[in-house]
Amino acid sequence: MKIDFNTNREFDLIAIGRACIDLNAVEYNRPMEETMTFRKYVGGSPANIAIGTAKLGLKSGFIGKLADDQHGRYIKQYMADVGVDTSNMVFDIEGRKTGLAFTEILSPTECSILMYRDEVADLYLDPSEVSEDYIKRAKMLLVSGTALAKSPSREAVLKAIKLAKKNDVKVVFELDYRGYTWTSAEETSIYYSLVAELSDVVIGTRDEFDVLENVEAGKNEDTINYLFKHSPELIVIKHGVDGSYAYTKDGQTFEGKAYKTQVLKTFGAGDSYASAFIYALVNGKDITTALKYAAASASIVVSRHSSSDAMPTVAEIEQLIAERE
């Protein structure tokens, strides 16, 4: 099975939601209390996916709200420089700031993120700032869960999904669960399930699907039985080092393995995974191949210091796959 996109579109992907600043610890293997130097990168799941797909050669755009300050201008310029269309990124004029994420790299398996997300600009994207003329130029709309956490960003995303469905634009939902922006498990499950039911492709970790369903230790079979009663055609459930499973509405199951690497940090894997998976789908690859591209891309990014800067090229992904096959 392949996902059929409307090929007569200018953009392969338009992402909507969070674009912020990552401040990654330069000093490894020590707690943040003792870390004195950090390096600045663009961050935020949908921004990283737009950047990742652009670096893979797709035509990508972005809808989001930025702080009208040095950080906001840096984000917009960086994304433009790597090939992302930034014409629908707007600046907040009410003094809100850019979200910040400080990262701690205690060990390759012990990484944490300290987030500053109060009253951040990206959560104030207004529905009036979402353009139907822009969305209908895309093959797919990429939405992420964090943008659903607060109004008016929540309504802006729901409007974007409505416009996508009206204009034959496939909706890809990257669950991107960040607990600190939500008020309760019940609230999260309501909005996650609402958007998942409207989407064509849903991608997340097993833990994130548990959040969506508001269950503990959920089972893939139960997840797909529920979601395939609605719009999704393809569901990808990631199980970390144990690999991934992709399920199609027509009853097929595909298993993808994780590629072992020298892990530096754990964050960034999901965004790079989604970028390469989307790239493969847009280019007509079968799902087995798409899972390989996704796993290879994630393997490369967790071995590097950043998330956005670390996004690999197609050649790097294909070289890793060739070496491991």
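The values are calculated or read from the model by the stated rules, or taken from the named source; none is laboratory data. Nothing here was measured: the structure is a model prediction, and the numbers come from that model. Positions of Cβ are backbone-derived with ideal geometry, glycine not excepted, and every protein chain shown enters the neighbour counts. Quick note on the areas: whole protein, heavy atoms, side chains included, nothing else; ligands and nucleic acids left out. Shrake-Rupley method; radii C 1.70, N 1.55, O 1.52, S 1.80 Å.
Multiplying the residue separation of Lys229 and Thr313 by 0.36 nm and subtracting their alpha-carbon distance yields 26.6 nm. Heavy-atom surface analysis with a 1.4 Å probe gives the stretch 1-121 a carbon and sulfur content of 48 percent of its accessible area. Computing FRET efficiency as 1/(1 + (r/R0)^6) for Gln77 and Val26, where r is the C-beta to C-beta distance and R0 is 30 Å, gives about 0.85.
Can you send over the carbon and sulfur percentage of the accessible area for the stretch 247-325, probe radius 1.4 Å, protein chains only? Carbon plus sulfur share of accessible area: 48 percent. For the stretch 6-127, the C-alpha radius of gyration divided by 2.2 N^0.38 Å, with N the number of residues, is 1.14. With a Förster radius of 22 Å applied to the C-beta separation of Glu186 and Glu119, the computed FRET efficiency comes to 0.40. The stretch between Gln70 and Lys260, if pulled fully straight at 0.36 nm per residue, gains 64.6 nm over its current Cα-Cα span.
Charged side chains reduced to their Cβ positions (Lys and Arg at +1, Asp and Glu at -1) give the chain a dipole of some 660 debye around its Cα centre. Note on Glu34 and Ser112: with the Förster distance fixed at 22 Å, the Cβ-Cβ geometry gives a FRET efficiency of about 0.95. Counting every C-alpha pair in the chain, the share spaced more than 24 angstrom apart comes to 50%. What the phi angles of the stretch 223-232 give under the Karplus curve with 6.51, -1.76 and 1.60, with θ = phi - 60°, is a coupling list of 4, 6, 4, 6, 6, 6, 7, 10, 6, x Hz, glycine and proline written as x.
If you roll a 1.4 Å probe over the heavy atoms of the protein chains, what accessible area per residue do you get for the stretch 210-277, in Å²?
Heavy-atom SASA per residue in the stretch 210-277 reads 49 Å².
Among 164-174, 208-218, sorting by the average number of other beta carbon atoms lying within 10 angstrom of each residue, highest first, gives 164-174, 208-218. Which listed residue (Phe254, Asn225, Ser184) has the Cα farthest towards the positive end of the charge dipole for the chain, taking +1 on Lys and Arg C-beta and -1 on Asp and Glu C-beta about the Cα centre? About the Cα centre, the residue reaching furthest to the positive side is Phe254. Within straight-line reach of Lys292, meaning a Cα separation under 17 Å, sit the following lysines at least 8 residues removed in sequence or on another chain: Lys2, Lys238, Lys257, Lys260. Given q = 0.17, 0.24, 0.29 Å⁻¹, what are the Debye log10 I(q)/I(0) values for the stretch 254-308, with equal point scatterers placed on the Cα positions and solvent ignored? At q = 0.17, 0.24, 0.29 Å⁻¹ the computed log10 ratios are -0.47, -0.83, -1.06.
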